[in-house]
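Structure first, commentary second.
The values are calculated or read from the model by the stated rules, or taken from the named source; none is laboratory data. No experiment lies behind these values; they were computed from the predicted model shown. Methodologically, a virtual Cβ is constructed for each residue, glycine included, from the backbone with ideal geometry; neighbour enumeration extends over all protein chains shown.
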Amino acid sequence: MPLPTPTLTTARLRLRPFAESDSDDLYALQSDAHVLRYWDSPPWTDRAQGERFLATCRRMEEEASGTRLVIERATDSAFLGWCTLARWEPAHRRATLGYILAEAAWGHGYTTEAARALLQWAFDTLDLHRVQAEVDTRNPASARVLEKLGFRHEGTLREDCVVDGVVSDSWIYGLLRPDWGAAAG
């Protein structure tokens, strides 16, 4: 059974399904080496990667394995980035949170606001018990976002990522339903 991609609104943002018209903004974001420096894959160099990304979004919905949402500013519909709830496992009631925003959107609280809306939807709709997130240890700003949302640091994966020859460690963060209830309430 498919998992329909939601449209969510917050005070400043609209989170919505990807559309073909997002391809230029998506490519600009995913090909930015500075933005992607802590990501688990290298910057895009081919526009066909965007087509594959959009196809994966559709497949995630069809297979009910997760959702990816565009993050846009409510006032002008500017594309800020995207967030995802992936690897949904209904039997274990868990999923993985991810997000990426364009550099111009950093430092405004958009990531926290978008992730909070996605998490609320996920806990309400998917009956989750646990959400996990991984953060490159060189990216403390992303770790702070997770901590604001109630995630707890659970450990470090040593040298678990190699992107363009650069080896890096990742912090693992977890958020349990009771912690979310306390953080959201």
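At a glance:
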quantity: Matching residues, region 4-14, being more than 11 Å from Arg68 (Cα to Cα) and assigned to a loop (DSSP other than H, G, I, E, B); calculated: Thr10, Ala11, Arg12
quantity: Top-ranked residue of region 160-175 - restricted to ones that are surrounded by 10 or more Cβ atoms within 10 Å (Cβ to Cβ) and out of contact with any Leu (no Cβ under 9 Å at 6 or more places or on another chain), ranked as nearest to Leu119 (Cα to Cα); calculated: Gly174
quantity: Residue pairs meeting the criteria (Cβ under 9 Å; at least 6 apart or on separate chains; first within 29 Å of His108 (Cα to Cα) and in contact (Cβ under 8 Å) with a residue 24 or more places away in the chain, in region 1-13; second assigned to a loop (DSSP other than H, G, I, E, B) and of a type in the set (A, V, I, L, M, F, W, C)); calculated: Thr5/Phe18; Thr9/Ala74; Thr10/Ala74; Ala11/Ala74; Arg12/Ala74; Leu13/Ala74
quantity: Restricting region 79-90 to residues that are more than 8 Å from the chain's Cα centre (by Cα) and at pLDDT 95 or above, the residue that is surrounded by the fewest Cβ atoms within 10 Å (Cβ to Cβ); calculated: Phe79
quantity: Residue pairs meeting the criteria (Cβ under 6 Å; at least 6 apart or on separate chains; first buried (at least 17 other Cβ atoms within 10 Å of the Cβ) and of a type in the set (Lys, Arg), in region 91-119; second assigned to a strand (DSSP E or B) and at pLDDT 95 or above); calculated: Arg94/Arg130
quantity: Subset of region 20-36 [in contact (Cβ under 8 Å) with a residue 40 or more places away in the chain and either more than 21 Å from Ala141 (Cβ to Cβ) or charged (D, E, K, R) (or both)]; calculated: Asp22, Asp25, Leu26, Asp32
quantity: Total residues in region 37-62, condition farther than 21 Å from Val166 by Cα and in contact (Cβ under 8 Å) with a residue 40 or more places away in the chain; calculated: 4
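Yes/no per residue for (1) crowded, with 17+ Cβ neighbours inside 10 Å; (2) out of contact with any Asp or Glu (no Cβ under 9 Å at 6 or more places or on another chain); (3) not in a helix (DSSP H, G or I):
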site	(1), (2), (3)
Arg16	yes, no, yes
Ser23	no, no, no
Ala28	no, yes, no
Asp32	no, no, yes
Arg37	no, no, no
Pro42	no, no, yes
Asp46	no, yes, yes
Arg52	no, yes, no
Ala55	no, yes, no
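Yes/no per residue for (1) part of a strand (DSSP E or B); (2) closer than 27 Å to Val167 by Cα; (3) modelled with pLDDT of 95 or more:
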| position | (1), (2), (3) |
| --- | --- |
| Gly98 | yes, yes, yes |
| Thr112 | no, no, yes |
| Leu118 | no, no, yes |
| Asp124 | no, no, no |
| Ala133 | yes, yes, yes |
| Arg138 | no, yes, no |
